[in-house]
Structures are given as structure tokens and as C-alpha cells.
Amino acid sequence: MDEEWKERLSSRWWGVGSKVPFPSNWRNESAHRDVMARCLSFGGEAVCMPSEDVDILDIIGNGVFIYGDNADVFKMKTSRCHENAEALVNSNPERYVGMTGYALSEDSVWRSHSWVIDKETSKLVETTLPRIAYFGCIKTQ
């Protein structure tokens, strides 16, 4: 991650070392910060959280880390991971289960992300770009 990108991150509440306060209209500050700490304990330099994560308590309670090096890539719509994962699960719910949480990209930033687990192969299915690692839980809604 270059220094300019790090400097921009410092102006966000979720930027490492940021002095910007947590958004006052969000709930569950400790859960959001816990997810950030867990992700960063695995690797990376920042966890992008520009909006409140409605699944944050499920992620904290049931989240697991998964390495991305063995993922199957099933390319769908670019930058539409949540929509893609839901569509893939709905296409064959007996075979696929949706997951949601955060994924670590090559730029060392964790971002909100959704992916799928293939129940037949037990492999992670990525619908956008391959990621380094994933932290999340089964999508319940």
C-alpha cells in the first residue's frame, strides 16, 4: 500500500491510526472494531467500512477465516459480489450456500464482500476477483 493511499485512509474512521470518531448514528461500535481487529490480525493494512454492516453481529459470532488460494472463480458481474452470490445461491440452493463478511484484496485492504461455498466440493466460489483471504459467516437473510 503506497503512502498516498495510507494518508487518505487516515481521514476515515476505519483507517489505521485514524483520529476520526466512529459514526454516531451507527450501532455496535465494539463489534465493528472487533471485526477490524480480527481481520488485521490475519493480515492486511486496513479494513474498509464506509457504511454500517447489518451482518456485523453474525460475523462476530460465527465468522471464520478462509484462505483464497484454492477458490474457484465463477466470473459474474464486476463489483457486484453481494448480488452475484445471491444469484448463484438462488440458482441451486441445494448445492451452494452464501457467505458474507470481508475479503482481503491485493492492495492489503479488507472490504465488505460476499462469496459462495460449493457444498459438493467444499470449495469457496468467488464471483468477482480472486482474493487473498476471507472472513465471514453464512448469510442468513
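The values are calculated or read from the model by the stated rules, or taken from the named source; none is laboratory data. Quick caveat, the model's predicted, so the values are computed rather than measured. Backbone-built Cβ (ideal geometry, glycine too); neighbour counts: all protein chains shown.
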Q: Output the qualifying pairs, or none if there are none: Cβ atoms under 8 angstrom, residues six or more apart or on different chains, first residue in the stretch 71-91 and among the charged types (D, E, K, R), second residue loosely packed, with under 15 Cβ neighbours inside 10 Å and assigned to a loop (DSSP other than H, G, I, E, B).
A: ASP72/THR121; GLU83/LYS77
Q: Given the conditions (1) more than 17 Å from ALA133 (Cα to Cα); (2) touching a helix residue (DSSP H, G or I) at 6+ places or on another chain (Cβ under 9 Å), report the number of the one that TYR102 does not fulfil.
A: (1)
Q: Could you tell me whether the stretch 49-72 includes any residue that is within 15 Å of ALA133 (Cβ to Cβ) and in contact with a Ser or Thr (Cβ under 6 Å, 6 or more places away or on another chain)?
A: no
(Q) Pairs please, first residue from the stretch 109-128 and in contact (Cβ under 8 Å) with a residue 24 or more places away in the chain, second anywhere and of a type in the set (A, V, I, L, M) and part of a loop (DSSP other than H, G, I, E, B), Cβ atoms under 6 Å, 6+ apart in sequence or on different chains. (A) LEU124/ALA71; GLU126/ALA71; THR127/MET76
Q. So which residues in the stretch 107-141 are charged (D, E, K, R), at pLDDT below 95 and farther than 19 Å from ASP53 by Cα?
A. ASP107
